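Inspection log for the structure reproduced underneath, given as structure tokens.
Coordinate-derived values only; no laboratory data. Predicted model only: the values in this text are computed from it and were never measured. Cβ: placed from backbone, ideal geometry, glycine included. Neighbour counts: every protein chain shown.
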Amino acid sequence: MNKVFELKENELNIIIEEIKKLSTGIILLRGDLASGKTTLVKNYVKSMGYDDLVTSPTFSIQSVYNNNIFHYDVYNKTLEEFVALGLLEEFEKEGLHFVEWGDDKLKKILDSYGFENISIDIEKCEDKRRYIINA
């Protein structure tokens, strides 16, 4: 089931409430550069009452916030490198896992291993963003 929202950045609480319905699982964040993937994670972490510094983990590959929010960026890695680094095993940890640049190949692997996952496609449109949640 797809849900589509067109929101300004200060209206992200609507998407965050959708994410909060998940207590655990993997969220694939897809969109162009500067579409708001990291901003969404930053606002989610803040909404949970945590004051962790949230930045894009482009060069570190993974960041962890409050021991149960995991944030990955696979922009600079191939799927094979991601798997070889053992990051699939990280998805077994209890919590929410946000994966920036997660593509359809990763989704197929997650499905084949039985990992609960959704994808959120973020599209820039004028002064708003379109969020398409694919559950």
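Results, tabulated for the structure shown:
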{"read-out": "Reported label for calculated Rg and Dmax of the Cα atoms in Å given [x] 13.9, 39; [y] 20.1, 64; [z] 14.1, 45", "value": "[x]"}
{"read-out": "Contour excess over end-to-end distance, with Cα ends at Asp104 and Glu17 and 0.36 nm allotted per residue", "value": "28.9 nm"}
{"read-out": "Label-to-label distance, nm, for residues given as Asp51 and Phe5 (7 Å Cα→Cβ offset)", "value": "2.6 nm"}
{"read-out": "Residue with peak Gaussian network fluctuation, the chain [Cα springs, cutoff 10 Å], from Lys107, Lys20, Lys42", "value": "Lys20"}
{"read-out": "All-pairs alpha carbon distance profile, the range 61-135, 5 Å steps from 0, percent", "value": "3, 13, 25, 26, 18, 10, 4, 2"}
{"read-out": "Positive dipole terminus of the chain, leading residue within Val4, Asn68, Ile26 (C-beta point charges)", "value": "Val4"}
{"read-out": "Residue-averaged 222 nm ellipticity for the chain, from DSSP H runs of 4+ at -39500 (n - 2.57), nearest 500", "value": "-7500 deg cm²/dmol"}
{"read-out": "Leu85 versus Asp121: modelled label distance in nm, points set 7 Å from Cα along the beta carbon direction", "value": "2.6 nm"}
